[in-house]
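These notes are about the structure you will find just below.
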Amino acid sequence: MAMLEDSYRHKGLRKKLVDELKRMGINDQRVLDAINSVPRHYFLSSAFLEFAYDNKAFQIGVGQTISHPFTVAMQSSLLQLEPGMKVLEIGTGSGFQCAVLCELGAKVFSIERQRVLYVNAKNLLEKMGYKPYLSYGDGFKGLPAMGPFDRIIFTCAVPKLPEELLLQLKPGGLLVMPFGDGDVQKMMVVKEEEDGSFATSYHGEFSFVPMLEKRTSAG
Ligand code: SAH
């Protein structure tokens, strides 16, 4: 794990990254502030420290990546979060997106299927003072005992409609997911209307690692 030191240099680089996200069309100020508040370099192994504030995705081990900052900003904006909302994230990974959701004032629940990533994220987020509920398991099942949720976000590509998860969404709730089984997916927002019907909209193309079934302790 990287040393927990947030220098002026890191803060300056982060500010530049936020300016770039703004130029790229992210205009939700609360999301920009949240990204400005989370030291992304804590989430990368020391080999990548120099590049922590480049607008890029990175390997975090066991074949997984920390999402691109633009992707995190985009998904966070699409969630239209209000403080205090219950949010379920599928794919904790490095924990960076989870930290951004915590900064936005959400009550965050997050599931990761790779044991080593779950353990690393838990340690780091605790050290940083965030208090999400983290779970080691299969995201396809969701967390029925903790639901229903105001918002659900997938940070891995979803190959088929996650029926189980739609059942855990509150009426009026939103689910944000990269949908598709190819290399490129469409960012899809599903809204559960108050009458229980679902409305979908699409927000550009992204490239995520695929969602995989069952949990694993490999890596
Ligand atoms: N939100 C992360 C992005 C991680 S990449 C971040 O900010 O760093 C996607 C993650 O989804 C990977 O860690 C992968 O292990 C996880 N994943 C894939 N299939 C899953 C499943 N069925 N349940 C839970 N997590 C899953």
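Tabulated values for the structure
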quantity	calculated
Amide H contacts of residue 92 (H built 1.01 Å from N, under 5 Å, at least 5 apart or other chain)	111, 112, 113
Rg/Rh ratio calculated on Cα atoms of the range 1-66 (Kirkwood radius)	0.97
Aspartates and glutamates whose Cα lies under 17 Å from that of residue 15, excluding same-chain neighbours fewer than 8 positions away	5, 6, 28, 33, 50, 54, 103
Residues of the chain: accessible area per residue with a 1.4 Å probe, Å²	47 Å²
Under-5 Å amide H pairs with residue 149, H placed in peptide plane, nonlocal only	169, 170
Straight-distance crosslink candidates among aspartates and glutamates, where the alpha carbon sits under 19 Å from residue 170 and sequence neighbours closer than 8 are dropped	82, 89, 150, 192, 193, 194, 195
Charge sum, other residues only, whose C-beta stays under 15 Å from residue 156's C-beta, Lys/Arg counted +1 and Asp/Glu -1	0
Label-to-label distance, nm, for residues given as residue 186 and residue 56 (7 Å Cα→Cβ offset)	3.1 nm
Computed P(r) (all Cα pairs; the range 6-148; 5 Å bins; percent)	2, 10, 21, 23, 22, 14, 6, 2, 0
For the range 5-146: relative contact order, % (alpha-carbon pairs under 8 angstrom, 6 or more apart)	19 percent
Links that overshoot a 29 Å alpha carbon limit, given the list 11/160; 107/191; 141/186; 22/160	11/160; 22/160
The chain - mean residue ellipticity at 222 nm from DSSP helices (-39,500 (n - 2.57) per run, n ≥ 4, rounded to 500)	-8000 deg cm²/dmol
Residue 173 long-range amide H proximity, modeled H, under 5 Å	192
The range 7-43 and the range 61-98: distance between their alpha carbon centers, rounded to Å	15 Å
The chain, accessible surface, carbon-and-sulfur percent (1.4 angstrom probe)	52 percent
Environment charge of residue 179, counting only residues whose C-beta is closer than 10 Å and scoring Lys/Arg +1, Asp/Glu -1	+1
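The values are calculated or read from the model by the stated rules, or taken from the named source; none is laboratory data. What you see is a predicted model, and the numbers here were worked out from it, not measured in a lab. With ideal geometry, Cβ positions are generated from the backbone for all residues, glycine too; neighbour counts draw on all protein chains shown. When the accessible area is computed, the model is the full protein with side chains, heavy atoms only, and any ligands, DNA or RNA have been set aside. Shrake-Rupley method; radii C 1.70, N 1.55, O 1.52, S 1.80 Å.
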